[in-house]
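A quick write-up on the structure given underneath.
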Amino acid sequence: MSSELPPPEDLKPIQQDDHSTSSAILAGIAANHPRDRISIQDIIDALGERSFGFLLLMFSLPCIVAPPGLSSLPAIPLFFFGAQMLFRYDRAWLPVTLARRDFAKKDIEFVVRNTVPIMRRIERWCKPRYSFFVGPVGERLLGLLVILLASIIILPGPGTNGPPGIAIAFLSIAMIEKDGLLVFLGVVGSFVAMYLAITGLILFFQWIVPAVMGWVGF
């Protein structure tokens with residue numbers, strides 16, 4: 001049996017010369033999908049050749065708005081996509097068991113609806129500049145950074161999902177718009193996010209875990 005899923009006929013891949021904004025494209029995927037559930041492979045096929053930046057954006061958004069504990073699932077594809085950027089894959093790929101995972105269309109619409117206003121504010125500042133940061137070397141380094149941020153999102157603790165998720169979303173918009181300056185600012189913000197997340201982990205294991213164990217009698 002083939003490990004690849006056939007692309008759905010009702011989703012048109014986005015071409016490289018499509019100059020629609022990130023927010024408009026993601027809103028369109030959520031609104032125009034004809035079925036009640038959308039699989040990860042559906043999203044990959046719909047995004048086509050521009051998949052990496054948009055996929056990072058699509059899967060970082062639930063990490064921002066999802067309750068703690070539920071953000072670990074979208075962080076797993078983020079880890080894979082970061083690794084593929086690091087090793088210069090031409091197109092995003094996921095193991096078939098993960099690619100077949102699907103989500104209710106209404107849940108994706110909820111995520112997009114609650115994050116599009118923020119995305120549009122960032123897009124107002126975007127323009128192509130400082131191409132080194134979005135070139136081949138820059139993309140590989142960003143892949144490594146995404147791996148680190150996704151790994152933190154998977155970990156338990158306060159602050160381990162929101163700040164890293166915001167950092168990846170910011171970086172992905174800057175990548176899509178080929179804005180090297182905003183990529184640089186996103187890298188700086190990523191280190192701030194990692195600091196906040198590590199601080200949250202320390203608090204979690206030093207204070208919250210012992211308090212819970214004492215409460216239950218251990």
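Looking only at residues in the stretch 52-104 that are at pLDDT 85 or above and among the basic types (K, R), the one that is nearest to D42 (Cα to Cα) is R100.
Can you confirm whether A75 is among the small types (G, A, S), surrounded by fewer than 17 Cβ atoms within 10 Å (Cβ to Cβ) and part of a helix (DSSP H, G or I)? Lay out the reasoning, then the answer.
Numbers: among the small types (G, A, S): yes; surrounded by fewer than 17 Cβ atoms within 10 Å (Cβ to Cβ): no; part of a helix (DSSP H, G or I): yes.
No, not satisfied.
Looking only at residues in the stretch 133-175 that are under 24 Å from P117 (Cβ atoms) and surrounded by fewer than 21 Cβ atoms within 10 Å (Cβ to Cβ), which one is modelled with the highest pLDDT? Checked the stretch 133-175; the qualifying residue modelled with the highest pLDDT is G162.
Restricting to the stretch 96-150, name every residue that is in contact with a strand residue (DSSP E or B) (Cβ under 8 Å, 6 or more places away or on another chain), assigned to a helix (DSSP H, G or I) and within 22 Å of V65 (Cβ to Cβ). Answer for the stretch 96-150, where residues must be in contact with a strand residue (DSSP E or B) (Cβ under 8 Å, 6 or more places away or on another chain), assigned to a helix (DSSP H, G or I) and within 22 Å of V65 (Cβ to Cβ): K105, I108.
May I ask you to say which residue of F218, F184, F204 is more than 27 Å from G135 (Cβ to Cβ) and either in a loop (DSSP other than H, G, I, E, B) or modelled with pLDDT of 90 or more (or both)? Spell out the reasoning first.
Values: F184 fails: more than 27 Å from G135 (Cβ to Cβ); F204 fails: either in a loop (DSSP other than H, G, I, E, B) or modelled with pLDDT of 90 or more (or both).
After ruling out the rest, the residue left standing is F218.
Which pairs have Cβ atoms under 9 Å, sit 6 or more apart or on different chains, and link a residue in the stretch 113-131 that is touching a residue at least 12 places away in the same chain (Cβ under 8 Å) and hydroxyl-bearing (S, T, Y) to one that is surrounded by 16 or more Cβ atoms within 10 Å (Cβ to Cβ) and not in a helix (DSSP H, G or I)? Hits for this filter: Y130/D179; S131/K178. Checked against (1) modelled with pLDDT of 80 or more; (2) among the charged types (D, E, K, R); (3) surrounded by 13 or more Cβ atoms within 10 Å (Cβ to Cβ); (4) closer than 23 Å to D179 by Cβ, D107 passes all but a single condition, namely (4).
The values are calculated or read from the model by the stated rules, or taken from the named source; none is laboratory data. Since the structure is predicted, the reported quantities are computational estimates derived from the model, not experimental observations. Glycine also receives a Cβ, built like all others from the backbone with ideal geometry; neighbour counts cover every protein chain displayed.
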